[in-house]
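Written below as structure tokens is the structure these notes are about.
The values are calculated or read from the model by the stated rules, or taken from the named source; none is laboratory data. As the structure is a computational prediction, the values presented were derived from the model and not from experiment. Cβ placement follows ideal geometry from the backbone for every residue including glycine, while neighbour counts extend to all protein chains displayed. Heavy atoms of the whole protein, side chains included, go into the accessibility calculation; ligands, DNA and RNA do not. Shrake-Rupley method; radii C 1.70, N 1.55, O 1.52, S 1.80 Å.
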Amino acid sequence: PVCSMGNSTSRLYSALAKTLSSSAVSQHQDCLEQPDSAQLDPIDPKDLLEECQIVLQKRPPRFQRDFVDVKKNAASNHRPIRVMQWNILAQALGEGKDNFVQCPMEALKWEERKCLILEEILAYKPDILCLQEVDHYFDTFEPLLSRLGYQCTFFPKPWSPCLDVEQNNGPDGCALFFLKDRFELINSANIRLTAMKLKTNQVAIAQTLKCNETGRLFCIAVTHLKARTGWERFRSAQGCDLLQNLKSITQGAKIPLIICGDFNAEPTEEVYREFSNSSLNLNSAYKLLSPDGQSEPPYTTWKIRPSGECRHTLDYIWYSQHALNVNSALGLLTEEQIGPNRLPSFNYPSDHLSLVCDFSFNQDPDRLL
């Protein structure tokens, strides 16, 4: 249910209004430099959620999605680590390039769409958040999420298609956020992916974190591979490059690994097989929702463009199955919830579904491949 406005109208001018307007952002060329939000006061997530719901009060309520237990009676001596993966749809692309023919332009207005995105994040309370197509990092996500207790990192694409759109908000890229009270950053690498020895326009962030509760190290990575049919070999080469980088960072899988990404690849593609068969001993977490534990969901993105309807499984959370357990995963939206006009919509802000998993460390810390 949506909060009534009541006497809370003034809240509209607190956390959300303190994020800069698009025109005020001048960091387009220097996007790797972290702005200092340390001087900003912390936000209570409940207050921010209430602000978002005030902005969204004319929109339908958020869809109900339930977590599915995939490891029954999982014994764990620590709180699970909740990881969220989401291609949030770059604002410049949604409004200017993607041609969602069944989605009214009104549904894509940033002032409301950003509240839908924030509402989804606040609802699931991830310890680690991995996003793709972020083009409002400096004016929205970094200022707000840093005040919610997250450490924030952004790596833009070198030649973002967002820059071709008039009145854009700078390049889009990958962003990684983790709660500072749960984890300590040990190492961070921004990776520009190569294919056939050529540098490409796709990137990844890989960070080695120490879990404060257990003292265990693990690596979290976020990426977004090249889109479109006809680029399968290119994606395969990018995947190989990312795996090589991650082998080095994790010392050949001695450090457990979680990889979140929009791979722009169905499970039938070569890059998917590369990750499945890697020496890093990876498994795809969302396969565990299928009856046999072997099948990916039927879709993670569903949209209608002038060329027709596109329903694909492109988004994944990979994890080291020798070192980590998946305790639960967030169920996907049903076809009925998505509706005949597909995504994005007044109900849902992106053309991709968010994926959320709860992980725990295996009890034997010395257990290797």
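For Asn327, the residues whose modelled amide H falls within less than 5 Å of its own, excluding neighbours fewer than 5 places apart on the same chain, are Asp358, Phe359, Ser360. When the charge dipole of the chain is built from unit charges on Cβ atoms (+1 for Lys and Arg, -1 for Asp and Glu) and taken about the Cα centre, the candidate among Leu148, Ala123, Asn212 whose Cα reaches farthest toward its positive end is Asn212. In straight-distance terms, cross-link reach from Lys114 covers every one of the lysines whose alpha-carbon lies under 26 Å from its own, apart from those fewer than eight places away in the same chain; here that gives Lys18, Lys46, Lys58, Lys97, Lys125, Lys157, Lys180, Lys226, Lys303.
For the ranges 154-167, 342-355, what's the packing order if you count other beta-carbon atoms within 10 Å of each residue, average per peptide, and put the highest first?
Values: 154-167: 17.5, 342-355: 23.4.
The most tightly packed comes first, giving 342-355, 154-167.
Nonpolar atom fraction for segment 80-364, defined as the carbon and sulfur part of the 1.4 Å probe accessible area, stands at 47 percent.
For the chain, the relative contact order is 21 percent, taking Cα pairs closer than 8 Å that sit 6 or more residues apart in sequence and dividing their mean separation by the residue count. The eigenvalues of the Cα gyration tensor, multiplied by 5 and square-rooted, give the chain an equivalent ellipsoid with semi-axes of 30, 24, 22 Å from largest to smallest.
Could you do me a favour and compute the accessible area per residue for the chain, 1.4 Å probe, result in Å²?
Dividing the accessible area of the chain by its residue count gives 44 Å².
Distances between placed amide hydrogens fall under 5 Å for Asn87 paired with Gln132, all partners being 5 or more residues away or on another chain.
With +1 on each Lys and Arg Cβ and -1 on each Asp and Glu Cβ, and nothing else charged, work out how big the dipole of the chain is about its Cα centre, in Debye to the nearest 20. Don't skip to the end; give the middle numbers.
On the way: 38 positive and 45 negative charges, 126 e Å.
Approximately 600 debye in magnitude.
Placing unit charges on each Cβ (+1 for Lys and Arg, -1 for Asp and Glu) gives segment 261-369 a dipole about its Cα centre, and among Pro340, Tyr272, His322 the Cα reaching farthest toward its positive end belongs to Pro340.
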